[in-house]
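Single-structure report; data block below.
The values are calculated or read from the model by the stated rules, or taken from the named source; none is laboratory data. What you see is a predicted model, and the numbers here were worked out from it, not measured in a lab. Every residue, glycine among them, receives a Cβ derived from its backbone with ideal geometry; neighbour counts consider all protein chains shown. Note: accessible area is taken over every heavy atom of the protein model, side chains too, but ligands, DNA and RNA are not part of it. Shrake-Rupley method; radii C 1.70, N 1.55, O 1.52, S 1.80 Å.
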Amino acid sequence: MRPFAHVRATSLEQAVAAARGDGARLLAGGTTLFDLMKLNVEAPATLVDISALPDLQDIAVSRRGLTVGALAKMADVAEHRDVRARYPALSESLTKAASQQLRNMATVGGNLLQRTRCGYFRGGAPYPCNKRAPGSGCAAIDGADRNLALLGTSDACIANYPGDWAVALVAFDAEIDILGSGGLRRIAVEALHRDPGSTPHIETVLEPGDVITRIHVPASRALRASTYHKVRDRASYAFALVSAAVGIDVAGGRIRDARIALGGVGARPLRVREAEAVLQGQRYTRALAIEAGEAALRGARTSTHNAFRVPLGVQTVADAIGIAMERA
Ligand code: SF4
């Protein structure tokens, strides 16, 4: 790890100003950033520590939906009584992520900005990696790609987005507040992450100095009857081979509203509206759920190492639809 300066921000305005400096990175829970600093993948000149900022740890549930401060801990949101009761997909996406110890430290704002688990990215200098060293190439293409992305990739990068919480947020039209040098703005979580294209090192639309301050999730009947279904190599403390956030609203025996987002297989959290359209206005059957799953995975780019995740993804989406239907 290389030496760095540490600035403890005492106000949001101070944090925004300090985070605009060359080589500055925001520090909240630190559960991803410290790992990457120890691996020499990240080498910030300055850590702008926002972990002690007041008024950003609130969890507010109302008839209109959920609002959480970006510094709220994953565990606190996951275990909040009203979040568990009214917004099961949100709670489950958090409880199925990481370990209890990490959830106790990690923040819901920082969690949105997790970086890929691609081994070549984290492995450092011996490996070409366009995300870590732009223009150097991609060791994963023709390499160990078993757990990497199948959808939304590019010829420059096939890394997957590793998080769970953002997948659930994308499914249910969540938005984030961002404070930057131009003031406060609000964007959809779906608009936060960028496709890799030819610049996979630019992962989000955030500008230097931008601080995510709050997350808003509108209430909906589909969110009340929702689930986050995650399939992984072991039952806990593992990243998704594939996951699905699904919410269903049923009226008169037919599906009136369906929300579906995919995790684990996308270069970013993926809302799959083609799959939602398959369900719209239909009566639920297992065959219909499989059809929606096939729509969700359509267009997947596979190799011999990861092709198994397409049928796994179809089944995962179908299973999640079945769980949501039971809750609807
Ligand atoms: Fe780097 Fe992306 Fe290739 Fe992994 S997949 S080695 S992160 S460029």
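Numbers at a glance
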| quantity | calculated |
| --- | --- |
| Yes/no for Gly110 being near the ligand (Cβ under 9 Å from one of its atoms), of a type outside the set (Asp, Glu), out of contact with any Lys or Arg (no Cβ under 7 Å at 6 or more places or on another chain) and open to solvent by 20 Å² or more (accessible area, probe 1.4 Å) | no |
| Among the candidates Gly183, Gly135, residue that is surrounded by fewer than 16 Cβ atoms within 10 Å (Cβ to Cβ) and more than 16 Å from the ligand (Cβ to nearest atom) | Gly183 |
| Scope the stretch 186-205; condition away from the ligand (no atom under 16 Å from the Cβ) and either open to solvent by less than 10 Å² (accessible area, probe 1.4 Å) or touching a Phe, Trp or Tyr at 6+ places or on another chain (Cβ under 6 Å) (or both); matching residues | Val189, Leu192 |
| Residues (buried (at least 24 other Cβ atoms within 10 Å of the Cβ) and more than 12 Å from the chain's Cα centre (by Cα)) located in the stretch 160-173 | Phe172 |
| Residues satisfying the stated conditions in the stretch 1-36, i.e. assigned to a helix (DSSP H, G or I) and either touching a Gly at 6+ places or on another chain (Cβ under 9 Å) or surrounded by fewer than 17 Cβ atoms within 10 Å (Cβ to Cβ) (or both) | Glu13, Gln14, Ala15, Val16, Ala17, Ala18, Ala19, Leu33, Phe34, Asp35 |
| Selected residue [touching a helix residue (DSSP H, G or I) at 6+ places or on another chain (Cβ under 7 Å), hydroxyl-bearing (Ser, Thr, Tyr) and open to solvent by less than 40 Å² (accessible area, probe 1.4 Å)] from Ser99, Ser91, Ser154 | Ser91 |
| Residue in the stretch 285-301 that is polar (S, T, N, Q), open to solvent by 10 Å² or more (accessible area, probe 1.4 Å) and touching a Lys or Arg at 6+ places or on another chain (Cβ under 9 Å) present | no |
